[in-house]
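> The structure that follows is given in the form of structure tokens.
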Amino acid sequence: MKKTMVGAFVVLFALTGLSSPGFGDTDISIRVSLPPVIVFSGPPDLVVLPGTYIYVAPNVPEDIFFYQGYWWRPWRGNWYRSRHYSEGWVHCKYPPYDLRRIPSHWRNDYRNHHWRGKEWKHKHIPCERVQHSWWRWEQNNRWEKSKYRQTRYPEGQNFGHRDDRRDDRRDDRWDDRRDDRWDDRRDDRWDDRRDDRWDDRRDDRRDDRRDDRR
């Protein structure tokens, strides 16, 4: 009886010692498996999801997204990220909130050219261009401008077209003002250079005459 109790105590002590960081500084960590490798025939083209700056790869059978400088993959309830679309995946415990809000039926919407009650005229973008320009596009609100917006209300909904026309006019006025400011700056720089050259020539002629009189 005593041997049985001693044996049980030893087993219990060993188990608590392994699970407690105070004994032997042993830490038990759970390894998360990595998603399977996706074979790419080439760099995937991307499409931006309307109303976001999340880029999806509709021609890839597995869900893979590009967002804020990283590639993202959901797999078996976990999220993984990498700097490259085909390798280097690591588990991410807290993915961005916007990624977790991507509707699971986005592929159907893509095939049907329809997004939340609007017509979706999506355009494919080379992933190299997205990787190079994503930050600038986000800072400039590129996909919020009507010139680049890919969704429109269906025919017959006049309020949608009226809003689009209003946005178009506002964007056009903004572009015109920006172009005018650019032209003004360019003209000012040109005038300054021309004035400088004229002053230099006039000073040179004055110096030449003075030297001649001497």
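The values are calculated or read from the model by the stated rules, or taken from the named source; none is laboratory data. Computed from a predicted model, the values in this text were never measured in an experiment. Every residue, glycine as well, gets a Cβ built from its backbone with ideal geometry; the counts of neighbours run over all protein chains shown. Please note that ligands, DNA and RNA were not included when accessible areas were found on the heavy atoms of the full protein model with its side chains. Shrake-Rupley method; radii C 1.70, N 1.55, O 1.52, S 1.80 Å.
> Mind checking which residues of segment 117-132 are among the charged types (D, E, K, R), closer than 10 Å to LEU46 by Cα and in a loop (DSSP other than H, G, I, E, B)?
Result: LYS123, single match.
> Counting only residues that are open to solvent by less than 100 Å² (accessible area, probe 1.4 Å) and not in a helix (DSSP H, G or I), which one in segment 135-149 is modelled with the lowest pLDDT?
Per the criteria, the residue is SER146.
> Still on this structure: Among the residues of segment 96-134, count how many are open to solvent by less than 90 Å² (accessible area, probe 1.4 Å), closer than 18 Å to ARG81 by Cα and not polar (S, T, N, Q).
Final tally of qualifying residues: 7.
> Mind listing whichever residues of segment 55-95 are small (Gly, Ala, Ser) and surrounded by fewer than 18 Cβ atoms within 10 Å (Cβ to Cβ)?
Hits for segment 55-95 are GLY69, GLY77, SER82, SER86, GLY88.
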